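What follows is calculated from the coordinates using simple rules that are stated; it is not laboratory data. Values in this document were obtained by computation on a predicted structure and should not be read as measured data. Neighbour counts run over all protein chains shown; Cβ positions are idealised from the backbone, glycine included.
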Amino acid sequence: MARQALNQFLVYYLGQKCLRSKVVSDPEKIEKTEEQWKQELDSETYRVTRQAGTEAAFTGKYCDLKDKGIYNCAACGEPLFSSEAKYDSGSGWPSFYAPADSEVVAQHDDHSHGMIRTEVVCNKCDSHLGHVFPDGPPETGLRYCINSASLDFQEDKS
């Protein structure tokens, strides 16, 4: 049993390494100083997106939102996740099984807080969004656990 769990983790970890090795060069990459970000973002959005903060579980404004639409990066406006990929993981944070497009997010190893995790950032402005875990629904097996403070929801009014 432990060997099977270890094998599953290794397959996931090595697969994530391969995904991260695909670096997409974007001529529209946004680069600002931390002072510029501080002036443009409210304090909570700055703490989460620029300082890799995490909002408390079940407190984010989008945790229970069920409306149809697109979740954009709160820092740069890049469309990141569709409500069609959102599901209730019970984790206390908005959860998605896939980004809107595979190239809108990037992933990095995160060894903070004594854990080994995979951080998810906006590929356009490098804002911290949350983390991705290999315990998602059957569609992808992934759970993108994203802070509401890093998102700006745009409702589909059609």
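Computed from point charges on the beta carbon alone (+1 for Lys and Arg, -1 for Asp and Glu), the dipole magnitude for region 50-137 about its Cα centre is near 220 Debye. With K and R counted +1 and D and E -1, the other residues having a Cβ less than 9 Å from that of Gly77 yield a net charge of -1.
Among the listed pairs Lys29/Lys86; Lys61/Lys157; Lys32/Lys157, a Cα-Cα separation exceeding 28 Å is found for Lys32/Lys157. A cut-off under 13 angstrom between Cβ atoms defines the neighbours of Gln154, and their net charge, with Lys, Arg +1 and Asp, Glu -1, is -3. Ordering Arg47, Arg143 from the fewest to the most neighbouring beta carbons within 10 Å gives Arg47, Arg143.
Take the alpha carbon atoms of region 87-154, find their radius of gyration, then divide it by 2.2 N^0.38 Å using N residues; give the quotient. Don't skip to the answer; put the middle values down first.
Details: Rg = 11.6 Å, N = 68, 2.2 N^0.38 = 10.9 Å.
It is 1.06.
Listed by chain and number, the aspartates and glutamates placed with their C-alpha closer than 12 angstrom to that of Lys68 are Glu84, Glu155, Asp156; residues fewer than eight positions away on the same chain are left out. The simple spin-label model puts a point 7 Å past each Cα toward its Cβ; for Ile30 and Asp156 those points are separated by 2.3 nm.
Rule-of-thumb check for region 31-155: C-alpha Rg over 2.2 N^0.38 Å? Spell out each step's value before the answer.
Numbers: Rg = 13.4 Å, N = 125, 2.2 N^0.38 = 13.8 Å.
Cα Rg divided by the expected 2.2 N^0.38 Å: 0.97.
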